[in-house]
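Student: First the structure, which I've put down as C-alpha cells, then a few questions once you've had a look.
The values are calculated or read from the model by the stated rules, or taken from the named source; none is laboratory data. Keep in mind that this is a model prediction, so the values were computed, not measured. Cβ atoms come from the backbone with ideal geometry, glycine included; neighbour counts cover every protein chain shown. For accessibility, only protein heavy atoms count, side chains too; no ligands or nucleic acids. Shrake-Rupley method; radii C 1.70, N 1.55, O 1.52, S 1.80 Å.
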Amino acid sequence: MERIDVVCAPGLETLASQELQGLGLAGGLSFQGSLRDVYLANLRLGCAERVLLRLGSLRATVFPEFRRKAAKLPWERFLRPGRPIALRVSCLRSRLYHESAVAERLAGAVEDRLKRPSPMKKQSEETGPEPAQLIFARFEDDVCTISVDSSGEPLHRRGWRLAAAKAPIKESLAFAMLKASGWDAASPLMDPFCGSGTIAIEAALLAQKAAPGRLRRFAFMDWPGFDAGLWAGLLAQAAGAGNAAGPKPRILASDRDAGAVRAAQANAERAGVSGLIEFSCKALSAVEPPPAPGWVVTNPPYGVRLKGSGDLRDLYARFGQVFREKCPGWHAAVLCGDLRLMRSAALSYKTGLLSMNGGLKVSLAVVR
C-alpha cells in the first residue's frame with residue numbers, strides 16, 4: 001500500500017474529501033491506497049489539483065546524510081534513468097534550510113540510485129515531448145518527506161479548454177461551485193456571464209457523470225511500472241457510468257461578448273457536450289430562463305483582473321433585479337471577489353465556500 005496525498009485549492013478540502021469518500025477512498029486527503037487508487041483519483045476527482053505518492057520520509061541534519069538516505073529510496077519505480085525531473089523544495093524549522101542546496105543533493109541522490117544523471121527542468125516546464133517528473137521535498141523539524149507527483153499538469157486542466165475568454169475560472173473551481181451550490185444535476189442551470197463556458201461545460205459533464213480526467217494524460221503513464229490494462233479498465237468503467245440513459249438538464253450559457261461565446265462553443269465541442277448546452281450572445285437583461293425552477297451558477301466580473309470594468313455595483317444591482325423578476329423559486333450561487341457587491345444585488349445569501357481564483361480571494365454567495 002502507498003501513502004497518497006491529494007492537493008486542492010484552499011477552501012475546497014471538504015468537497016475533495018467527499019469526492020474521495022464517494023470513490024471508496026476513505027481517510028480524508030491523505031490515505032493509504034494502491035496504484036489503482038492513484039489512477040482512479042486522477043481520473044475521477046473534480047476539485048483536486050494534484051495526487052502525490054509519498055516515496056518516503058527521512059531524518060537528516062547534514063547534507064551527506066541526506067543524500068545517502070535519499071539514495072536508498074526506490075526511485076526506479078517512478079523514474080527511468082535519464083528522465084528529466086523538476087524539484088519543489090520547502091524547508092521549515094530544519095538545520096538543512098537552504099532549498100537550492102537540498103534540491104542539488106536530492107538530484108544527486110537520484111543519480112546515485114539510477115546510475116545516470118537526470119536533467120533538471122524548471123517547475124513550469126510541465127508539458128512537451130518529454131515532460132519532467134515533478135518531485136516534492138518538504139523539510140520540517142529535520143524530517144524530509146519526499147513525494148512524486150502522479151498528475152503532471154494540474155488536474156484542473158481537463159484537456160478541453162484551449163480557447164479562453166478574459167479572466168477565466170479554473171475548471172476545478174467551477175466544479176466546486178456547482179457542488180457547493182446544491183445543484184442536483186437534473187434541474188435547469190443558467191450562467192448569464194459564461195465567458196469561455198467553464199461553468200456550463202463542467203455542469204454538462206456532471207450531468208453526464210463524465211470523469212473529469214478522461215481526455216488527458218498523466219505523469220503516472222510515464223512510470224516504468226505503468227499498468228496500461230488497469231488504466232484501460234478504469235476508463236471503460238468510467239465511460240459506462242457516464243453513459244447512463246435518462247433526460248439531461250437544460251443548461252443555458254450566455255455572455256454579451258460574442259468572442260467569449262465563440263470560445264465557449266469551441267470548448268464545449270472539445271469536451272463533447274456541445275449538444276447539451278444552449279449558448280447565446282445577449283446582455284444580462286435579455287436572458288430568458290426556463291419556466292421550471294433551477295439554479296443560476298455564475299462568475300461575474302470582479303473589477304480587479306479586468307481593467308476598465310469600472311464600478312460593478314450597477315451590474316450587481318441589475319443581476320439582483322433580473323433574478324428576482326425572472327427567476328422566482330430559483331437558487332443562485334455567485335462567485336464574488338468582494339461580497340460587498342452582493343449588497344447591491346439586494347439578495348439574501350449565505351457564504352458557500354472561500355477559495356482563490358487567479359490569485360484573488362473569492363467567496364461563493366449562495367442564494368436560496
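Student: Determine which single condition Thr14 fails, assuming it passes every other condition in (1) open to solvent by 60 Å² or more (accessible area, probe 1.4 Å); (2) farther than 30 Å from Leu360 by Cα.
Tutor: Answer for Thr14: the failing condition is (2).
Student: Just checking, how many residues over region 74-122 are of a type in the set (Lys, Arg), over 31 Å from the mean Cα position of the chain (by Cα) and more than 25 Å from Leu35 (Cβ to Cβ)? Break it down stepwise before answering.
Tutor: From region 74-122, those of a type in the set (Lys, Arg) are 77, 80, 83, 88, 93, 95, 105, 113, 115-116, 121-122; that's our starting set.
Restricting the remaining residues to those that are over 31 Å from the mean Cα position of the chain (by Cα) gives 95, 105, 113, 115-116.
Imposing the further condition that a residue be more than 25 Å from Leu35 (Cβ to Cβ) reduces the set to 95, 105.
Qualifying residue count, region 74-122: 2.
Student: Separate question: Considering only residues that are within 19 Å of Leu92 (Cβ to Cβ) and open to solvent by less than 10 Å² (accessible area, probe 1.4 Å), which ones fall in region 57-80?
Tutor: Scanning region 57-80 gives Ala60, Phe66, Ala70.
Student: Only one residue in Gly11, Gly46, Gly56, Gly22 is under 17 Å from Thr145 (Cβ atoms) and of a type in the set (Gly, Ala, Ser), so which one is that?
Tutor: Gly56
Student: So, one more: Going by the structure shown, is Arg217 part of a helix (DSSP H, G or I) and among the charged types (D, E, K, R)? So that I can check it myself, show each step before the final result.
Tutor: Numbers: part of a helix (DSSP H, G or I): no; among the charged types (D, E, K, R): yes.
No, not satisfied.
Student: Just give me the residues in region 357-366 being open to solvent by 10 Å² or more (accessible area, probe 1.4 Å) and part of a strand (DSSP E or B), in sequence order. Please lay out each step first, then the result.
Tutor: Taking region 357-366 first, the residues open to solvent by 10 Å² or more (accessible area, probe 1.4 Å) are 358-361, 363.
Hits for region 357-366 are Leu360, Lys361, Ser363.
Student: If you don't mind, there's one more thing I want to ask. Restricted to region 177-198, and to residues that are open to solvent by less than 20 Å² (accessible area, probe 1.4 Å) and farther than 14 Å from Pro249 by Cα, which residue is farthest from the chain's Cα centre (by Cα)?
Tutor: Only one residue tops the list, namely Pro192.
Student: Confirm whether Ile169 is β-branched (Val, Ile, Thr), part of a loop (DSSP other than H, G, I, E, B) and either farther than 24 Å from Met356 by Cβ or at pLDDT below 95 (or both).
Tutor: On the way: β-branched (Val, Ile, Thr): yes; part of a loop (DSSP other than H, G, I, E, B): yes; either farther than 24 Å from Met356 by Cβ or at pLDDT below 95 (or both): yes.
Yes.
Student: In addition: Just the residues that are in contact with a strand residue (DSSP E or B) (Cβ under 8 Å, 6 or more places away or on another chain) and of a type in the set (Val, Ile, Thr), please, taken from region 9-38.
Tutor: Listed by number, the list holds a single entry, Val38.
Student: Filter region 239-253 down to the residues that are touching a residue at least 60 places away in the same chain (Cβ under 8 Å), among the hydrophobic types (A, V, I, L, M, F, W, C) and open to solvent by 10 Å² or more (accessible area, probe 1.4 Å) and list them by number.
Tutor: Leu252
Student: What single numbered condition from (1) open to solvent by less than 40 Å² (accessible area, probe 1.4 Å); (2) within 17 Å of Cys8 (Cβ to Cβ); (3) under 19 Å from the mean Cα position of the chain (by Cα) fails to hold for Glu153?
Tutor: (1)
Student: Moving to a separate point now. Output yes when any residue across region 41-56 is more than 22 Å from the chain's Cα centre (by Cα), touching a residue at least 24 places away in the same chain (Cβ under 8 Å) and surrounded by fewer than 18 Cβ atoms within 10 Å (Cβ to Cβ), and no when none is. Walk me through how you get there before you give the answer.
Tutor: Going residue by residue through region 41-56, those that are more than 22 Å from the chain's Cα centre (by Cα) are 55-56.
Right, trim to touching a residue at least 24 places away in the same chain (Cβ under 8 Å) and you get 55-56.
Restricting the remaining residues to those that are surrounded by fewer than 18 Cβ atoms within 10 Å (Cβ to Cβ) gives 56.
Checked region 41-56: at least one residue is more than 22 Å from the chain's Cα centre (by Cα), touching a residue at least 24 places away in the same chain (Cβ under 8 Å) and surrounded by fewer than 18 Cβ atoms within 10 Å (Cβ to Cβ).
Student: So, in region 188-209, how many residues would count as being part of a loop (DSSP other than H, G, I, E, B), in contact (Cβ under 8 Å) with a residue 60 or more places away in the chain and touching a helix residue (DSSP H, G or I) at 6+ places or on another chain (Cβ under 7 Å)? Even if it seems obvious, please write down each step before you answer.
Tutor: Our first condition is that a residue be part of a loop (DSSP other than H, G, I, E, B); within region 188-209, this holds for 188, 192-197, 209.
Subsequent filtering for residues that are in contact (Cβ under 8 Å) with a residue 60 or more places away in the chain retains 188, 192-197.
If we keep only those that are touching a helix residue (DSSP H, G or I) at 6+ places or on another chain (Cβ under 7 Å) as well, we get 192, 194-197.
So the count comes out to 5.
Student: Scan region 39-67 for residues that are touching a strand residue (DSSP E or B) at 6+ places or on another chain (Cβ under 6 Å) and aliphatic (A, V, I, L, M) and report the count.
Tutor: 7
Student: State all residues of region 171-204 that are over 21 Å from Pro328 (Cβ atoms) and of a type in the set (Asp, Glu); if no residue qualifies, say none. Lay out the reasoning, then the answer.
Tutor: Of region 171-204, the ones over 21 Å from Pro328 (Cβ atoms) are 171-180, 185, 194-204.
Within region 171-204, Glu171, Glu202 qualify.
Student: I would also like to ask the following. Based on what the data block shows, is Ala185 in a loop (DSSP other than H, G, I, E, B) and either at pLDDT below 95 or touching a helix residue (DSSP H, G or I) at 6+ places or on another chain (Cβ under 6 Å) (or both)? Please lay out each step first, then the result.
Tutor: On the way: in a loop (DSSP other than H, G, I, E, B): yes; either at pLDDT below 95 or touching a helix residue (DSSP H, G or I) at 6+ places or on another chain (Cβ under 6 Å) (or both): yes.
For Ala185, the condition - in a loop (DSSP other than H, G, I, E, B) and either at pLDDT below 95 or touching a helix residue (DSSP H, G or I) at 6+ places or on another chain (Cβ under 6 Å) (or both) - is met.
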